[in-house]
Amino acid sequence: MQRRKAFTLIELLVVISIIGLLIGILLPALGAARATARRMEGSTKVRGIHQAMVLYAQGNGGNYPGRNETGATLAAADIAYSATDGNDVQSRYAVMLEERLVPPAILISPSDTTGKVQYQFAALPAVTPVAFNATGNYSFSLLNIDITTTQRRPEWADSTNSQAIVVSDRLVGATIATVATYDSIHSQDGWSGSLGWNDNHVTFRQDPLPDTVYGTGAPQTGDNMFIAAGLIDAHMIIINDGDAAGDEILN
């Protein structure tokens, strides 16, 4: 009877080593592919949020959520499930949710591990509505419109300005005055994220210092998206960073 030849121990070790080597090569590639997919999905959500704002503007005198038809700030009393006026990010998102312009899940990036949506539509009588707020409810920052000394305020409208940022990925745990400390939901080694421009194109950038032009203002070279409000070139507000220290919202 012919005896079947079996693998030797050395051959088994060689096979195991090759499999381990292949896994070591493939896992980083798979991780990078997943990160790229999450970034692409996040960019799609940024574009979707801007599209919802444009849709709202069509019936609101060209103004985005947070403003009325004449461009005045909505009072807190006019915004369901928000205790603040239309200058705040959570209030503007609350308007979009109340008008059914976006589903709650669109406000959370797939790269954001701290966020969750606690908003429920009031039209469901069997469900008690939960106030929409800044505690882990959204992943994306919106243009700071609570500034009167710059061109940012008029940009909160359907201007189709390809050089103005109106939506971006949020900032995570930074010292506001020091760009070197900026992190994001995509990276803990410097800020990177999606930027949604007012003509609805989206870019992914590795730092928070893009070149912008707002309204009829002068070009801003290396414009700091997250600089503290009140300064002449401030324009983006910082939304919640998910830590126990509280939210970093500068209006």
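Brief remarks on what is shown
- Test result for Ser17, among the hydroxyl-bearing types (Ser, Thr, Tyr), in a helix (DSSP H, G or I) and either touching a His at 6+ places or on another chain (Cβ under 6 Å) or under 21 Å from Leu142 (Cβ atoms) (or both): no
- Selected residue (criterion: nearest to Glu155 (Cα to Cα)) from residues of the range 44-77 that are touching a Gly at 6+ places or on another chain (Cβ under 8 Å) and part of a helix (DSSP H, G or I): His50
- Annotation: Glu11 fulfils all but one of (1) under 30 Å from Asn161 (Cβ atoms); (2) at pLDDT below 90; the unmet one is (1).
- Only one entry of Ala37, Ala80, Ala52, Ala75 meets the criterion of being closer than 27 Å to Ser111 by Cα and at pLDDT below 95, and that entry is Ala37.
- Unmet criterion (only one of (1) farther than 20 Å from Ala157 by Cα; (2) surrounded by 19 or more Cβ atoms within 10 Å (Cβ to Cβ)) for Ala29: (2)
- Strands (runs of 3 or more DSSP E) contained in the range 127-220 and holding at least 2 residues under 21 Å from Asp88 (Cα atoms), β-branched (Val, Ile, Thr) and modelled with pLDDT of 90 or more: 165-169
The values are calculated or read from the model by the stated rules, or taken from the named source; none is laboratory data. Being a predicted model, the structure only gives us computed values, none of them experimental. No Cβ is skipped: glycine too gets one built from the backbone with ideal geometry, and neighbour counts run over all protein chains shown.
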